[in-house]
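Note sheet for the following structure.
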Amino acid sequence: MDLLPLSPRGETPVRALTIAGTDSGGGAGIQADSRTMAMCGVHACVAVAAVTVQNSVGVRGFHEIPAETVADQVRCVVEDIGVSAAKTGMLASTQIIEAVAQVCSEVGIGRDMEVPLVVDPVCASMHGDPLLHSDALDAIRGVLIPLATVVTPNLDEVRLITSIEVVDDASARRAAEALHALGPQWVIVKGGHLRSSEKSTDLLFDGDRFLEFSTPRIETGNDHGGGDTLAAAIASALAHGRSVPEAVEFAKEWITKCLEWSYDLGHGHGPVNPLWRLHER
């Protein structure tokens, strides 16, 4: 695959910002974002929106960071360090979503602005544990998604946001159209959770054209952090100056390799593994 470049010694790498929650088990969230960004030659800045209590088996709880503190993290990073792309993950509440949307608009992050924004509309963990207050779905639809350069829901999140159950290509296209109607520039409907298909096909839509990105399905139960890693890879490629279709193509190949290199951890689902790049230099 066409890897993103690593910076020479002493040269400041491109920067990207992840606005998300932590994962105490180290498999998803800000930890997964930072690993992928580092392996993609990107300096990862972070704005912590929530602290989760979780391991490989499930999420036992989470604590929200005050909304104004989340926004202040974004503001101070952009004012001093600057970023070339940003992504969101777990934002937990309406108040945090609204604060993040406001500060992103203020500092030039989002669709049609200088800094592209990847929105991963995290609603629940892979175990089904809630990571978003139920009353915040409207804020996801009406405040966060319209700000996105590209939005990357999994199929469960597609169903929650659009009420469309994706079971085949036709329903994936209907879901993409429904998501695009909410206002983002680009939409991805990810096919990784469509277990009935031999291939994992992600559908990218900009309101005019559909683009498909397919890879062989990797049979593994160790896919914790896969959605975070895909979105972080897209943000990393955008930070390096690639177009959205080019960034999605790169990220699709990236997550496939991460799944191939995934490993067991604890008693539940192990994480995808972006450290494969260290073995292929």
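Out of the residues in region 220-271 that are among the polar types (S, T, N, Q) and modelled with pLDDT of 95 or more, which is farthest from residue 126 (Cα to Cα)? Spell out the reasoning first.
Restricting attention to region 220-271, the residues satisfying the condition of being among the polar types (S, T, N, Q) are 220, 222, 229, 236, 243, 256, 262.
Next cut, modelled with pLDDT of 95 or more only: 222, 229, 236, 243, 256, 262.
Values: 222: 11, 229: 14, 236: 23, 243: 29, 256: 18, 262: 16 Å.
Filtering region 220-271 for residues that are among the polar types (S, T, N, Q) and modelled with pLDDT of 95 or more, the one farthest from residue 126 (Cα to Cα) comes out as 243.
Of all residues in region 132-166, which are out of contact with any helix residue (DSSP H, G or I) (no Cβ under 9 Å at 6 or more places or on another chain) and touching a residue at least 24 places away in the same chain (Cβ under 8 Å)?
Hits for region 132-166 are 142, 148, 156.
Restricting to region 242-271, give me the number of residues that are in contact with a Phe, Trp or Tyr (Cβ under 8 Å, 6 or more places away or on another chain) and either open to solvent by 20 Å² or more (accessible area, probe 1.4 Å) or closer than 13 Å to residue 225 by Cβ (or both).
8
List the pairs whose first member sits in region 63-82 and is over 15 Å from residue 115 (Cβ atoms), whose second member is assigned to a strand (DSSP E or B) and among the hydrophobic types (A, V, I, L, M, F, W, C), and whose Cβ atoms are under 6 Å apart, counting only residues at least 6 apart or on separate chains?
Pairs that qualify, where the first residue is over 15 Å from residue 115 (Cβ atoms) and the partner is assigned to a strand (DSSP E or B) and among the hydrophobic types (A, V, I, L, M, F, W, C), are 63/51; 64/50; 64/92; 65/48; 65/49; 70/47; 70/49; 73/47.
Among the residues of region 77-100, what is the count of those that are of a type outside the set (A, V, I, L, M, F, W, C), more than 22 Å from residue 247 (Cβ to Cβ) and touching a strand residue (DSSP E or B) at 6+ places or on another chain (Cβ under 6 Å)?
So the first thing to find is which residues in region 77-100 are of a type outside the set (A, V, I, L, M, F, W, C), and the list is 79-80, 82, 84, 87-89, 93-95, 98.
Filter once more, keeping what is more than 22 Å from residue 247 (Cβ to Cβ): 79-80, 93-95, 98.
Next cut, touching a strand residue (DSSP E or B) at 6+ places or on another chain (Cβ under 6 Å) only: 93.
Summing the residues that are of a type outside the set (A, V, I, L, M, F, W, C), more than 22 Å from residue 247 (Cβ to Cβ) and touching a strand residue (DSSP E or B) at 6+ places or on another chain (Cβ under 6 Å) in region 77-100 gives 1.
Tally up the residues in region 15-62 that are free of Cβ contacts under 8 Å to residues at least 40 places away in the same chain and of a type in the set (Val, Ile, Thr), please.
Final tally of qualifying residues: 5.
Quick test for you: out of 65, 109, 96, pick the one residue that is within 19 Å of residue 238 (Cβ to Cβ) and touching a helix residue (DSSP H, G or I) at 6+ places or on another chain (Cβ under 8 Å).
Residue meeting the stated conditions: 109.
Just to verify a result, which residue in region 134-180, among those that are over 21 Å from residue 228 (Cα atoms) and of a type in the set (A, V, I, L, M, F, W, C), is modelled with the lowest pLDDT?
Among those residues, the one meeting the criterion is 167.
In region 215-231, is there at least one residue being buried (at least 21 other Cβ atoms within 10 Å of the Cβ), out of contact with any strand residue (DSSP E or B) (no Cβ under 8 Å at 6 or more places or on another chain) and among the small types (Gly, Ala, Ser)?
Checked against the condition, which is being buried (at least 21 other Cβ atoms within 10 Å of the Cβ), out of contact with any strand residue (DSSP E or B) (no Cβ under 8 Å at 6 or more places or on another chain) and among the small types (Gly, Ala, Ser), region 215-231 yields at least one hit.
For region 181-195, check the following and say yes or no: at least one residue is at pLDDT below 95 and among the small types (Gly, Ala, Ser).
Within region 181-195 (the criterion being at pLDDT below 95 and among the small types (Gly, Ala, Ser)), the answer is yes, since at least one residue qualifies.
In the set 12, 36, which member is surrounded by fewer than 20 Cβ atoms within 10 Å (Cβ to Cβ) and closer than 25 Å to residue 108 by Cα?
12
The values are calculated or read from the model by the stated rules, or taken from the named source; none is laboratory data. Since the model is a prediction, treat every value here as computed from it, not as a measurement. Glycine gets a Cβ as well: all are built from the backbone with ideal geometry, and neighbour counts include every protein chain shown. For the accessible areas, the whole protein counts, side chains as well, though only heavy atoms, and no ligand, DNA or RNA atoms are used. Shrake-Rupley method; radii C 1.70, N 1.55, O 1.52, S 1.80 Å.
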